[in-house]
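First up is the structure itself, then whatever we jot down about it.
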Amino acid sequence: MNSKVLSTLEYNKIIDKLVEKADSAPGKALAKELVPMNDIEKIREAQTETADALTRLFKKGSTSFGNTCDLGFSIKSLEIGSSLSASELLKIAGMLDNVSRIKSYGKKDRDDQPDDSLDVYFDALSPLTQLAGEINRCIISEEEIADEASPTLKNIRRQMQITNDKIHSQLNSMVTGSLRTYLQDAVITMRDDRYCIPVKAEYKSQVSGMVHDQSSTGSTFFIEPAAVVELNNKLKSLSLEEKKEIEVILQNLSFSASEHTAELDTDQQNMTILDFIFAKGKLALDMNATMPLFNRHHRIDIRKGRHPLLDKKKVVPIDVSLGKDFDLLVITGPNTGGKTVTLKTVGLFSLMGQAGLHIPAADRSELGIFKEVFADIGDEQSIEQSLSTFSSHMKSIVHILDKADEHSLCLFDELGAGTDPTEGAALAIAILNHLHDKHIRSMATTHYSELKIYALSTEGVENACCEFNVETLQPTYRLLIGIPGKSNAFAISSKLGLSDEIIKAAKEQIDKEDESFEDVISDLEQSRIKLEAEKKEIAEYKERIKTLQDQLKAKNEKIDRAKDDILRRANEDAREILQEAKDVADKTIRDFNKLSAGMDIKDLEKKRQNIREKIDDKNSRLSLKEKPVKVSTGDRVDPKKLKKGDAVKILSMNSKGIVNTLPDSKGNLFVQCGIMRIQANVSDMILIDEDMITAPKVTSSGSGKIKMSKSMSVSPEINLLGKTVDEALSLLDKYLDDAYLAHLPSVRIVHGKGTGALRSAVQSHLKRTKIVKEFRLGEFGEGDAGVTIATFK
């Protein structure tokens with residue numbers, strides 16, 4: 001790609017933004033070298049890497065590659081056996097620590113998470129944790145080695161500390177004792193790395209020792225007392241030993257690092273690449289950019305594109321297409337309307353996309369692959385080269401026409417401007433027609449009406465305009481493809497206060513054809529505005545209808561859920577009531593059957609009263625759920641006329657019965673409803689015909705036993721498979737009572753073979769059951785040993 005277009009379309013400013021997003025110096029250097037590519041597979045690979053980095057940034061947040069540094073010199077030194085300094089080793093440890101963090105950042109959250117294009121870089125990282133830990137253990141900073149770096153160093157420093165303490169002890173005794181009067185100040189100082197005391201010049205001979213320095217005034221001599229000379233010598237010797245031991249430690253660490261030069265080189269390269277890729281992801285995140293689609297047919301379809309260097313809160317998105325129905329787009333309209341921005345947006349998007357960068361446009365925007373992008377935009381007038389505006393533009397256009405082919409994208413701003421309008425328009429048409437004949441994708445901006453007519457009359461060429469609001473004298477920056485634009489010079493001049501007389505005179509200077517053409521454009525513009533308003537209104541109606549449909553659907557779903565919930569609760573309540581009623585009835589029947597065995601009639605009456613209380617409690621609970629029934633005055637029962645034996649209907653319970661007692665002072669009385677005796681109020685009942693009531697049939701035997709027919713059918717078989725012994729015996733006991741009351745002669749009990757535990761429990765239970773006459777195992781065809789046949793008495 002030619003370097004001139006990178007500057008013209010401000011691609012370099014995008015690269016500057018990318019460099020800012022990189023964390024490390026190598027990453028920034030790699031970002032600065034990024035240029036557009038021509039290989040579509042490499043472009044798609046780079047775009048995929050950017051998209052995967054953006055996805056990770058969304059999921060896990062940002063990360064830092066700041067400790068990544070260029071280790072090239074250090075690695076070369078290690079390969080030839082040289083020893084590294086403490087700062088160089090610390091850089092290696094710092095990068096390895098960052099490698100460890102980045103490798104953890106790159107791990108998948110779930111095992112079923114799909115692979116992406118960055119896994120290969122994360123997997124290739126080697127944290128070398130042991131080496132990094134050893135370096136950090138031994139080296140505290142660039143100027144300090146840890147005491148624990150080696151036992152020898154620790155011992156040397158301990159000896160140095162002891163010697164230091166001895167020196168300070170002796171010098172302190174001198175400073176505060178016998179020599180105090182000889183000293184300029186009561187302090188201990190250092191000269192030539194040896195401990196000294198400041199002695200007054202007149203007492204120099206009174207203090208034995210070595211003179212190391214003298215003050216500038218000559219009044220003070222810095223003397224090393226003879227008593228500490230040996231200790232200072234020892235301290236100096238220990239210091240040299242310390243220095244040698246530090247060199248040994250650094251040499252050992254360097255040797256350990258030299259065994260991993262290949263891993264260090266791989267880590268540096270992969271960390272640099274990851275820093276660069278994530279810089280592209282961060283830039284895409286900052287621009288709210290998306291990955292474009294690419295094609296080999298030089299087709300452009302930008303949806304809601306925003307120039308990346310303009311304020312994203314203020315820039316107006318544009319839709320631009322080129323290369324499908326037409327390969328040449330002529331853009332017209334007033335100045336400052338956005339024509340040049342449109343050209344730069346298309347050109348810059350092509351460069352960014354081919355460089356592997358996302359573009360700030362709507363999803364599924366499409367770009368073609370161009371080997372070259374040419375742009376003649378801006379004023380390149382040169383006084384030094386004696387070039388006018390027209391000449392400089394023409395020189396650039398000549399270069400473009402010489403180099404461009406069908407794999408190029410050409411952009412022209414104000415083509416043919418700067419010279420006689422008639423000649424300029426003719427040149428512009430000839431240039432565009434030349435490019436059109438060679439099928440070169442081109443875009444040009446112009447004010448010439450002749451180019452509008454050329455676009456209207458030439459196949460494969462399309463008009464476009466940048467919309468302008470004449471009322472506010474402000475451009476809307478919307479690009480409208482298929483509509484030629486107006487310069488609106490007369491309308492703008494009139495709005496700015498130019499007299500109608502001058503404007504009328506100016507219009508007379510335009511020939512009839514031009515005026516007619518402008519009128520047609522004006523009519524088209526008015527029709528377009530009207531259609532867009534209607535289209536917007538229809539879209540609003542559709543959106544409102546869709547909202548209402550969604551609300552109705554949600555409401556219906558809510559009603560269905562409520563209905564299902566009500567039915568479910570009603571079924572559960574009914575099941576509980578039926579089960580409780582059945583349990584009470586079964587217990588009552590068993591009690592009645594036991595009456596013949598000598599049960600006291602008082603106990604039986606007490607049980608009957610308990611049952612009645614339970615039934616009354618159920619009825620009262622049910623009556624609370626009933627809606628009150630309004631009874632007209634004419635239908636109400638007169639308490640004075642009510643007699644025992646009258647047929648009535650209790651409204652709140654929807655039950656019919658016979659009056660059993662006369663009402664008391666409050667109007668309460670008992671009504672016999674079947675087997676239930678219910679207390680109610682006369683205000684809650686009406687009189688009915690007696691033939692509407694049917695009572696249950698009760699027969700009494702001569703021996704005084706009470707028998708009731710079983711109202712439900714009972715199966716001659718019970719299946720106990722899969723039940724525990726306790727569950728099976730509970731079900732079996734109830735089933736035998738039901739079957740006996742239903743007058744079944746025998747029943748079939750299915751318990752299975754299995755371990756025989758359930759069979760033994762069933763047969764033991766049958767032995768204890770008084771109503772069972774005999775039982776046996778099933779025969780061939782009846783279920784064999786998996787079935788027991790029981791016969792009732």
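The values are calculated or read from the model by the stated rules, or taken from the named source; none is laboratory data. Note that this is a predicted model, so its numbers are computed, not measured. FYI the Cβ positions are ideal-geometry reconstructions off the backbone, even for glycines, and counts take in every protein chain you see. With ligands, DNA and RNA removed, areas are computed over all heavy atoms of the protein, side chains included. Shrake-Rupley method; radii C 1.70, N 1.55, O 1.52, S 1.80 Å.
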*asked:* Counting only protein heavy atoms and a 1.4 Å probe, tell me what percentage of region 136-223's accessible area is made up of carbon and sulfur.
replied: 45 percent
*Which chymotrypsin sites (Phe, Trp or Tyr not before Pro) does region 138-227 hold that lie in a coil by DSSP with at most 11 other beta carbons within 10 Å?*
none
*In Å², what does the accessible area per residue of region 1-72 work out to with a 1.4 Å probe?*
49 Å²
_For Lys304, solvent-accessible area (1.4 Å; no DNA, RNA or ligand), Å²_ = 110 Å²
*Enumerate the amide H contacts of Met676 below 5 Å, restricted to partners 5 or more residues apart or on another chain; note that Pro and chain-start residues carry no placed amide H.*
none
*Which order do Ser77, Ser746, Ser683 take by accessible area at a 1.4 Å probe, largest first?*
Ser683, Ser746, Ser77
_Residue-normalised accessible area of region 158-256, given per residue in Å² at a 1.4 Å probe_ = 57 Å²
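Counting other Cβ atoms within 10 Å of each Cβ, which GluC sites (Glu not before Pro) in region 231-272 have at most 16 and sit in a DSSP loop? Please report the intermediate quantities before stating the final value.
Working: sites: Glu241, Glu242, Glu245, Glu247, Glu259, Glu263; in loops: Glu259.
Sparse-neighbourhood loop GluC sites (Glu not before Pro): Glu259.
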*Which order do Arg768, Arg191, Arg306 take by accessible area at a 1.4 Å probe, largest first?*
Arg768, Arg191, Arg306
*In the full protein assembly as shown, how much of Glu576 is accessible to a 1.4 Å probe, in Å² to the nearest 10?*
120 Å²
*Give me the accessible area per residue for region 268-377, probe 1.4 Å, as a whole number in Å².*
34 Å²
*asked:* Only sites in a loop by DSSP and with at most 15 other Cβ atoms within 10 Å count here; which GluC sites (Glu not before Pro) in region 67-162 make the cut?
replied: Glu142, Glu143
*Over the heavy atoms of Ser173, what accessible area does a 1.4 Å probe trace out, to the nearest 10 Å²?*
70 Å²
